[in-house]
């Protein structure tokens, strides 16, 4: 109602109009379609009207509106004490809208633009020529962006200046920051990226061979897990009277009861849930699809979230951002954040706090209940029995019964 009144007031001539006026109504519809409340949309519209009058006062036409002018307007807002946290995102949305409608010239390429274009080409190559799934593709792009940002920062992307020293320095820094398996995956990504650059003529030498290998022996360590009572404490920390609590409880119980990976939770769609059969389609690694039975507590949590807490939107993803714009979760890191928050509420501080810890916890709980490694592998959907073998090390009592006396030692 407030937004309609402000639009009517402008049309009737009570407010001055500038070059943006004809396009504000279209933007208002766009904000509403993205799930913003009427209040938030009204706040954004008032900001755009202020920008419209500012442009008119400074004789800035719609063709002249770019990042520089937006920054000047934001500075003007700050010195007047009118700045709000959401102002920049609203104005960047305006600029994107105007450029998509060909009303404003395209942006002058910056280092960030060059990086985005390079990643777009690499992403297309990974999808079309390598056939990678979206979750794996996102991981590749994440690691390559980290590598390029570490090497060039805000400077120009001079790919021809990449050297063996840059690569070794990056790998050593990553290996200190993440697990051996994570570092090994990062080097795989880096080799693929460097081969791509060489094949496309971006670099003169194939530097893929310069990427050092990371030692990561199979079954070298124990899986990190929580005791069953600690897992239950985590599930009980969610406030199921709130929308956020219902969403987070649904995510946590999928991790704890079915051992889903974070990426599998993110990619879940409403069509993957077969309520009649009580089954869930899980889209795993390498395009693999498995059907798992939905336990009663998991089904109740999902139904409560979908019926009472999931925002209405066009996306078919199960788990949606609670704040506008309403769309699917950004990625696996969002699920990791849900787990870390629950651990903090439960007063738990394990060495590893990611979503995968709950997957390990399910496996060790099954092992303690008498499940075989074959049964555990089926639930976790491991493609190779060797992947499940690491959980044999958890049952130390059983392993001790298999040990033989050391030759020459005491009986």
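The values are calculated or read from the model by the stated rules, or taken from the named source; none is laboratory data. What you see is a predicted model; the values in this text were computed from it and never measured. Glycine gets a Cβ as well: all are built from the backbone with ideal geometry, and neighbour counts include every protein chain shown.
Summary of computed values
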| item | result |
| --- | --- |
| Members of segment 354-376 that are within 19 Å of residue 265 (Cα to Cα) and in contact with a helix residue (DSSP H, G or I) (Cβ under 6 Å, 6 or more places away or on another chain) | 354, 355, 358, 361, 363 |
| Subset of segment 342-367 (residues that are over 15 Å from residue 256 (Cα atoms) and assigned to a helix (DSSP H, G or I)) | 344, 345 |
| Flag for residue 68 being assigned by TED's automatic domain parsing to the domain that holds residue 20 and exposed (fewer than 12 other Cβ atoms within 10 Å of the Cβ) | yes |
| Selection within segment 340-385 - without any contact (Cβ under 8 Å) to a residue 24 or more places away in the chain and within 15 Å of residue 255 (Cβ to Cβ) | 340, 353, 366 |
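Each row is one residue, and each column tells you yes or no for (1) touching a helix residue (DSSP H, G or I) at 6+ places or on another chain (Cβ under 8 Å); (2) under 30 Å from residue 283 (Cβ atoms); (3) modelled with pLDDT under 85.
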{"residue": "71", "(1), (2), (3)": "no, no, no"}
{"residue": "79", "(1), (2), (3)": "no, no, no"}
{"residue": "83", "(1), (2), (3)": "yes, no, yes"}
{"residue": "89", "(1), (2), (3)": "no, no, yes"}
{"residue": "123", "(1), (2), (3)": "yes, yes, no"}
{"residue": "133", "(1), (2), (3)": "yes, yes, yes"}
{"residue": "136", "(1), (2), (3)": "yes, yes, yes"}
{"residue": "152", "(1), (2), (3)": "yes, no, no"}
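Residues are listed down the side, and each one gets a yes or a no for (1) touching a helix residue (DSSP H, G or I) at 6+ places or on another chain (Cβ under 7 Å); (2) part of a helix (DSSP H, G or I); (3) crowded, with 21+ Cβ neighbours inside 10 Å; (4) modelled with pLDDT of 90 or more:
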| residue | (1), (2), (3), (4) |
| --- | --- |
| 220 | no, no, no, no |
| 234 | yes, yes, yes, yes |
| 239 | yes, no, no, yes |
| 248 | yes, yes, yes, yes |
| 254 | yes, yes, yes, yes |
| 265 | yes, yes, yes, yes |
| 277 | no, no, no, yes |
| 282 | yes, no, yes, yes |
| 292 | yes, no, no, yes |
